[in-house]
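Visitor: Take a look at this one; I'll ask things after.
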Amino acid sequence: MSTPDALLSSSSPEWYTPDTPYLQAVRACLGHIELDPASCEVANRVVQAERIFTVADNGLALPWTAKTAFVNSPYGYEGAPDKRKNGEWNPRLGRPNQRIWSQKLIDEHKAGNVMQAIMLCNAQTGENWFQPLWAYPICFVDHRIPFYTVGTNGDVTNCKNGKSGPTHASVFVYFGPWEHRFETAFEHIGKFRWPNSNNR
């Protein structure tokens, strides 16, 4: 992919992951976060990844060589913000960003570039892009995550332009060999679904 369109959220501003308890759980599972490939300086103040890729870097075009990675991809659809129909985003005008980023992570993990990773995304289990994720351990968050963003005045807020954060339920998906670490770190955040319907 030669353009950073999929780095941009279409139907909402960028929403960042709170530290407590979510990123704390990510670090407890991974040990530390070496790479956040869909980030910015503001988000990394909380994520605290050793390395980040920003919109300018176009992480989709780069290899994700890292022992550990955390991915909270842009929401909405790829493409320029003028692709609207009656003021609403038309899914047919672009692929879901979460489809693009989840497939990139799957490819990087299968290639051996990323040893362990956790992806945070919408729990849109009926969507085609979500289906490959069933092959990995998933924690279904049992509440709505209070994502935050930065308002026009530079203040941290849970609402922007009259809209709150993503309205969908969320999941954390684990890529790696140590499923017990994932279960221990996230047991207070939600319910688990294991590959091959092995719900333990």
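Visitor: Can you tell me which residue is modelled with the highest pLDDT among those in the range 34-50 that are in contact with a helix residue (DSSP H, G or I) (Cβ under 7 Å, 6 or more places away or on another chain) and farther than 18 Å from Val171 by Cα?
Guide: Here is the first cut: in the range 34-50, the ones in contact with a helix residue (DSSP H, G or I) (Cβ under 7 Å, 6 or more places away or on another chain) are 36-39, 46-47.
Remaining after also requiring farther than 18 Å from Val171 by Cα: 37, 39, 46.
On the way: Pro37: 96, Ser39: 90, Val46: 89.
Only one residue fits best here, namely Pro37.
Visitor: Related question: Could you check the range 94-122 and list, in sequence order, the residues that are more than 13 Å from Asn72 (Cα to Cα) and in contact with a strand residue (DSSP E or B) (Cβ under 7 Å, 6 or more places away or on another chain)?
Guide: Scanning the range 94-122 gives Gly94, Arg95, Pro96, Glu108, His109, Val114, Met115, Gln116.
Visitor: Given the condition over 24 Å from Val141 (Cβ atoms) and assigned to a helix (DSSP H, G or I), answer yes or no: does some residue in the range 20-34 qualify?
Guide: Looking through the range 20-34, none of the residues is over 24 Å from Val141 (Cβ atoms) and assigned to a helix (DSSP H, G or I).
Visitor: Here's a follow-up. Looking at Leu60, Leu105, which is the one that is closer than 25 Å to Pro177 by Cα and either part of a loop (DSSP other than H, G, I, E, B) or modelled with pLDDT under 95 (or both)?
Guide: Details: Leu105 fails: either part of a loop (DSSP other than H, G, I, E, B) or modelled with pLDDT under 95 (or both).
Exactly one residue qualifies, and that residue is Leu60.
The values are calculated or read from the model by the stated rules, or taken from the named source; none is laboratory data. All values reported here derive from a predicted model rather than from experimental measurement. All Cβ positions, glycine included, derive from the backbone under ideal geometry; neighbour counts span all protein chains shown.
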